[in-house]
Amino acid sequence: MNTLILGIGNLLWADEGFGVRAVEQLNALYRFNDDVVLMDGGTQGLYLAPFVQQSDLLVIFDAIDYGLAPGTLKTLEGEDVPSFMGAKKMSLHQTGFQEVLAMAQMLGEYPDELLLVGVQPEVLEDYGGSLRPLTRSRIEPAIDLALRWLAARGVHARKREQPLPEDQSLAGAEVQIQRYERERPPPELACRIGDERVLRDPDFHLQYKPHPLEPEQVISCDVDHRGKY
């Protein structure tokens, strides 16, 4: 039985990095048998499809807009996972992962069981920021929820005698959380709302340009709401 434990999200947008940080800490503290894969899925979207298709059990860590108080942990299982991720998107990586699940189902290579362990984020609009303390405090209980779910299905983790060193971080030493927070430039040197190279480019500007439509016309687009409803 193949098991995939996946953390998805964007480390560059504060609490949106929760999923990656959770699987990173799980890997640092625990070891599994060879039929269990722990993966930093980041924002890879459809590139994750082959790994999902090969798994019998799938555990996903992510920041999810449940419409609850910041820091709230909530789990979803089975069919509720793709439908919920599609209904309340905070970021485009969730759209991509919903498509991964849909593709796996269409090809008949869908996991037998799914678990989503999500946290309600506190802050997203902080480019280059790390997890807020409240969100970070939910990593350990999120891991406990996942380990109990896996153990009930015969997949057991073993605690490492010592946590893995920084240079063996699942997400890479350069973005290991302590180093990431320690080396982050101050606000006067690093823009907090986006890529400063773009925002200060004279060719880049935002302008309100309403487009007249006929009554029968419909325009559709993907929008990154980042939790604002």
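Applying the criterion of being closer than 15 Å to L116 by Cβ and over 14 Å from the mean Cα position of the chain (by Cα) to the residues of the range 44-57, the residue that is modelled with the highest pLDDT is L57.
Can you give me the number of residues within the range 197-229 that are closer than 30 Å to I64 by Cα and modelled with pLDDT of 70 or more?
Of the range 197-229, the ones closer than 30 Å to I64 by Cα are 197-199, 206, 218-229.
Restricting the remaining residues to those that are modelled with pLDDT of 70 or more gives 197-199.
The number of residues fulfilling the criteria is 3.
Among the residues of the range 83-119, just one is at pLDDT below 80, more than 14 Å from I8 (Cα to Cα) and touching a helix residue (DSSP H, G or I) at 6+ places or on another chain (Cβ under 6 Å), namely G86. Scan the range 157-167 for residues that are in contact (Cβ under 8 Å) with a residue 60 or more places away in the chain and not in a strand (DSSP E or B) and jot them down. Of everything in the range 157-167, those that are in contact (Cβ under 8 Å) with a residue 60 or more places away in the chain and not in a strand (DSSP E or B) turn out to be A157, R160, P163, L164. Of the residues contained in the range 107-125, none is found to be part of a helix (DSSP H, G or I) and either surrounded by 21 or more Cβ atoms within 10 Å (Cβ to Cβ) or without any contact (Cβ under 8 Å) to a residue 24 or more places away in the chain (or both).
Comparison of G7, G17, G41 shows that the only residue that is touching a Lys or Arg at 6+ places or on another chain (Cβ under 9 Å) and either polar (S, T, N, Q) or closer than 20 Å to D167 by Cα (or both) is G7.
Tell me which residues, restricted to the range 58-77, are modelled with pLDDT of 90 or more and on the phi > 0 side of the Ramachandran plot.
Keep residues of the range 58-77 that are modelled with pLDDT of 90 or more, which gives 58-63, 69-77.
The one that is modelled with pLDDT of 90 or more and on the phi > 0 side of the Ramachandran plot: G71.
Of all the listed residues (G41, G17), the sole one being buried (at least 24 other Cβ atoms within 10 Å of the Cβ), in contact with a His (Cβ under 9 Å, 6 or more places away or on another chain), at pLDDT below 95 and among the small types (G, A, S) is G41. I193 falls short of the stated requirement of being β-branched (V, I, T), surrounded by 12 or more Cβ atoms within 10 Å (Cβ to Cβ) and within 21 Å of D126 (Cβ to Cβ).
Just to check your reading of the model, which residue among G194, G154 is at pLDDT 80 or above and assigned to a loop (DSSP other than H, G, I, E, B)? Steps first, please.
On the way: G194 fails: at pLDDT 80 or above.
None of the others qualify; the one that does is G154.
The values are calculated or read from the model by the stated rules, or taken from the named source; none is laboratory data. As the structure is a prediction and not an experimental result, all values here were calculated from the model. Cβ atoms come from the backbone with ideal geometry, glycine included; neighbour counts cover every protein chain shown.
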